[in-house]
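First comes the structure, then the notes that go with it.
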Amino acid sequence: MKQILKHLIILLISIDTVSSTPWNSPYLGEEIEQKSLFTSFSSPPRHLDPVVSYSSNEWSIISQIYEPPLQYNYIARPYRVEPLTLKSMPEIIYIDENGSRVDKNSTNISYTDYIFRLRDDILYQNHPAFLRENWNLKEDIDSIYNLKLSTRRLMASDYIYAIKRMALRDNSSPILDIMDDYIVGLGDYSKMVSELFKKNRDIDLRDYNISGVKLIDDFTFSIRIKGRYPQFLYWLTMNFFAPIPWEAERFYNQELLKRKNISLDRYPIGTGAFYMAENNPNRRMVLIKNPNYHIEYYPNSRERLPLLEKVIFSLEKESIPLWNKFLQGYYDFSGVNSETFDQTIDISADGNMELSPSMRAKGIRLKSSIAPSIFYMAFNMLDPVVGGYSNEAKKLRQAISIAQSEEEYISIFLNGRGVVAQSPIPPEIFGHLDGKEGIDPFVYDYIDGEPVRKSIEYAKRLLAEAGYPDGVSKETGKRLVLYYDTTSSGVDDRSLLDWRREQFKKLGIDLIIRATDYNRFQEKVRKGRVQIFSWGWNADYPDPENFLFLLYGGNGVVESGGAGVNSANYKNPKYDRLFEQIKSMENSPERLKKIREMVRVVQEDAPWVFGIHPKSLILYHSWVKNVVPNAMANNVLKYRDINVTDRLKRQEEWNRAIIYPIFIILATLGLTIYLLRLYYIRSQSLTIFKT
């Protein structure tokens with residue numbers, strides 16, 4: 001017995017002394033000791049094919065693997081586009097209707113040519129697709145995961161091939177119809193190859209050409225777009241325009257790989273800073289530093305990118321386990337949700353958010369930024385009650401806008417994580433104005449240097465002028481009843497919906513909630529069968545056009561048959577005329593003047609309650625370096641850095657095995673055994689004595 005206890009004690013002591021890896025670490029020892037970044041994802045990505053993917057959880061992965069021609073400068077503000085795989089920014093040439101070159105300020109621009117000159121030192125990751133011997137895999141192959149690998153240089157034709165893949169309808173690219181409005185010949189090419197594909201699924205897209213996309217030489221190509229559209233440069237930072245080697249499709253098109261569900265949609269092939277080494281979307285996904293990555297440096301320094309060796313994404317479906325692992329040091333980043341807000345954030349006397357003392361003591365740091373997004377409440381402008389453009393209709397919507405206390409909403413439901421929107425344009429986007437110039441004068445007054453929401457008494461006067469004194473219709477004598485469509489229906493949403501009713505009740509208006517599932521809700525919005533509803537928009541690119549087009553009449557969701565983004569079906573001729581002018585303008589005082597006119601028009605018409613611009617809060621540990629919030633850039637992981645020594649030290653401190661209870665249990669067990677043995681010996685002695 002003594003020997004057993006001795007060995008148990010030695011084993012317990014060794015838990016705390018033998019290994020440098022914390023005893024409860026979810027990672028392998030070498031992963032902790034490398035420059036690995038540990039992060040998480042909440043739902044498995046559906047698509048990793050860049051021509052299809054269009055969700056943030058997918059882009060957080062593939063943007064580290066693929067490289068479009070351009071990227072956002074990581075640290076520059078305002079956001080600035082710069083070359084990624086190009087020698088320099090694209091050359092831009094303006095063409096008139098006769099095919100002659102004209103100045104960019106000409107009023108006779110029919111086309112714009114973008115000429116791209118690639119660097120000649122960029123290689124793809126090592127992959128079996130680049131060896132022809134791997135193009136005819138047989139059933140008896142030992143392991144498709146142990147094939148010989150090779151690489152090749154990035155070519156201009158790879159970017160052209162990506163655009164051709166975008167055009168194929170069967171690939172379901174979400175931006176095909178948008179790009180069809182701009183890229184010359186894309187629509188005709190799409191119709192042709194999509195029809196051919198129905199007859200022969202083995203067609204080679206390289207055999208057919210897009211009239212507006214030209215291969216000039218191995219490292220030069222051009223794209224011709226219709227008219228002038230400066231925002232096209234922003235699209236060229238997106239993964240839709242990332243290069244695809246034609247060999248990838250040739251390789252993945254093999255029957256053996258199809259049957260094993262091995263495809264470009266699961267196993268990307270790119271030139272980026274990382275390549276996918278492990279894809280188990282039900283557990284974890286691992287990216288490893290691309291050994292072929294071209295020379296690139298951290299902005300304003302000589303640190304060569306990427307700075308990390310590995311990135312490990314682990315599946316975490318629930319927020320509490322994620323939070324606990326973050327506090328243990330096993331995740332490098334965390335967001336802040338309602339469950340953890342009070343533990344994490346203190347609100348200072350001036351209303352600013354600060355880390356709580358307990359978080360600061362652990363060396364945790366906080367970065368906050370206002371997202372280039374807007375969440376708003378929309379009125380269906382086709383609705384006979386809340387829609388229309390008469391003075392009475394405007395005053396009704398203005399009164400409702402005043403009654404919606406967005407300040408209260410931010411305080412109660414967002415823990416202060418947002419700012420009240422005064423227009424469709426978020427901060428840090430050209431056209432956004434602060435101070436007195438930027439307020440919505442139909443909802444706010446500007447008093448002592450601050451916007452102050454107009455009083456409910458003033459809103460009630462507007463409501464009376466709209467024909468509803470105290471919320472009662474002059475015509476019918478009945479109380480005004482309005483309908484709010486939403487997907488919120490759970491127990492957790494009840495307080496929000498009750499709050500929403502209270503905002504209308506302040507004006508004497510009854511609000512009826514119509515909750516439905518998301519698909520049904522979308523269908524109702526597309527068909528204009530809603531009255532009031534909430535919606536939101538995240539910027540695709542940092543330009544006011546990307547927000548102002550949400551209210552452009554030509555984008556009306558009903559008028560466009562469900563394809564538009566103007567869910568309020570707002571249509572004002574002056575606004576539309578100005579939008580047509582500013583959408584193709586570069587930023588300038590003239591453009592700003594026109595944008596201000598547009599904003600004032602939409603503030604008066606009030607098709608939206610402008611709502612909020614959300615504030616993003618990011619928590620990270622002190623060992624994580626180069627954390628710069630950038631809402632536009634997606635390829636940010638190559639800039640991150642990790643102090644491995646500091647992290648390992650903290651992980652060991654925070655996760656020491658608490659073994660003294662086991663010693664107490666063992667001591668108790670030993671004492672019990674000793675007493676039982678003593679009792680047994682004494683009982684045996686008594687028995688012998690009696691006999």
Quick one: which strands (runs of 3 or more DSSP E) lie wholly within the range 79-169 and hold at least 1 residues that are modelled with pLDDT of 95 or more, under 30 Å from residue 544 (Cα atoms) and among the aromatic types (Phe, Trp, Tyr)?
-> 91-95, 111-117
Hey, does the range 514-530 have a residue that's in the same structural domain as residue 442 (by TED's automatic domain parsing), surrounded by fewer than 16 Cβ atoms within 10 Å (Cβ to Cβ) and more than 25 Å from residue 561 (Cα to Cα)?
-> no
Could you grab me the full set of residues in the range 22-56 that are free of Cβ contacts under 8 Å to residues at least 40 places away in the same chain, under 22 Å from residue 642 (Cα atoms) and not charged (D, E, K, R)?
-> 28, 29
Which residues, counting only those in the range 529-543, are touching a Leu at 6+ places or on another chain (Cβ under 9 Å) and at pLDDT 95 or above?
-> 531, 532
Which pairs do you get when a residue that is in a loop (DSSP other than H, G, I, E, B), found in the range 441-457, comes within reach of a residue that is among the aromatic types (Phe, Trp, Tyr) and surrounded by 14 or more Cβ atoms within 10 Å (Cβ to Cβ), reach meaning Cβ atoms under 9 angstrom, with the pair 6+ apart or on two chains?
-> 443/610; 454/442; 454/444
Using the structure shown, decide if residue 474 is charged (D, E, K, R) and crowded, with 16+ Cβ neighbours inside 10 Å.
-> no
Might you let me know whether the range 336-344 holds any residue that is modelled with pLDDT of 95 or more, in contact with a helix residue (DSSP H, G or I) (Cβ under 6 Å, 6 or more places away or on another chain) and not acidic (Asp, Glu)?
-> no
Would you please name the residue that is farthest from residue 542 (Cα to Cα), looking only at residues in the range 373-418 that are in contact with a His (Cβ under 9 Å, 6 or more places away or on another chain) and among the hydrophobic types (A, V, I, L, M, F, W, C)?
-> 375
Evaluate the range 199-212: report whether one residue or more is closer than 30 Å to residue 580 by Cα, surrounded by 15 or more Cβ atoms within 10 Å (Cβ to Cβ), of a type in the set (A, V, I, L, M, F, W, C) and in contact with a Phe, Trp or Tyr (Cβ under 6 Å, 6 or more places away or on another chain).
-> yes
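Listed here are the residues, each with its yes/no results for (1) hydrophobic (A, V, I, L, M, F, W, C); (2) surrounded by fewer than 16 Cβ atoms within 10 Å (Cβ to Cβ); (3) at pLDDT 95 or above.
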position: 246; (1), (2), (3): yes, no, yes
position: 255; (1), (2), (3): no, yes, no
position: 259; (1), (2), (3): no, yes, no
position: 270; (1), (2), (3): no, no, yes
position: 283; (1), (2), (3): no, yes, no
position: 290; (1), (2), (3): no, no, yes
position: 305; (1), (2), (3): yes, no, yes
Evaluation of residue 388 against (1) on the phi > 0 side of the Ramachandran plot; (2) assigned to a strand (DSSP E or B) (one fails), failing number = (2)
Could you tell me whether any residue of the range 397-419 is assigned to a loop (DSSP other than H, G, I, E, B), in the same structural domain as residue 525 (by TED's automatic domain parsing) and either β-branched (Val, Ile, Thr) or touching an Asp or Glu at 6+ places or on another chain (Cβ under 9 Å) (or both)?
-> yes
Boolean, residue 473 is modelled with pLDDT under 95 and closer than 28 Å to residue 524 by Cα | no
For the subset of the range 314-333 comprising residues that are under 22 Å from residue 654 (Cβ atoms) and assigned to a strand (DSSP E or B), which member is nearest to the chain's Cα centre (by Cα)?
-> 333
Every residue from the range 592-621 that is touching a residue at least 60 places away in the same chain (Cβ under 8 Å), within 15 Å of residue 549 (Cβ to Cβ) and not in a loop (DSSP other than H, G, I, E, B) | 595, 599, 602, 608
Taking the range 399-447 and keeping residues small (Gly, Ala, Ser), in contact with a helix residue (DSSP H, G or I) (Cβ under 8 Å, 6 or more places away or on another chain) and surrounded by fewer than 20 Cβ atoms within 10 Å (Cβ to Cβ) leaves 405, 416
Taking the range 510-542 only, how many residues are over 25 Å from residue 424 (Cβ atoms) and assigned to a loop (DSSP other than H, G, I, E, B)?
-> 2
Meets criteria (modelled with pLDDT of 95 or more, basic (Lys, Arg), more than 24 Å from the chain's Cα centre (by Cα) and surrounded by fewer than 20 Cβ atoms within 10 Å (Cβ to Cβ)) for residue 394 = yes
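Quick grid of which residues meet (1) part of a helix (DSSP H, G or I); (2) surrounded by fewer than 17 Cβ atoms within 10 Å (Cβ to Cβ):
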| site | (1), (2) |
| --- | --- |
| 179 | yes, no |
| 197 | yes, yes |
| 222 | no, no |
| 237 | no, no |
Would you be able to say whether some residue in the range 23-37 is under 30 Å from residue 261 (Cβ atoms) and at pLDDT 95 or above?
-> yes
Residues in the range 554-567: is at least one in a helix (DSSP H, G or I), farther than 30 Å from residue 616 by Cα and not small (Gly, Ala, Ser)?
-> no
Contact list, first residue from the range 337-361 and more than 22 Å from residue 413 (Cβ to Cβ), second anywhere and modelled with pLDDT of 85 or more and in a helix (DSSP H, G or I), beta-carbon distance below 7 Å, six or more apart or interchain, is 359/344
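The values are calculated or read from the model by the stated rules, or taken from the named source; none is laboratory data. Note that this is a predicted model, so its numbers are computed, not measured. Note that each Cβ is placed from the backbone with ideal geometry, even for glycine, and that neighbours are counted across all protein chains shown.
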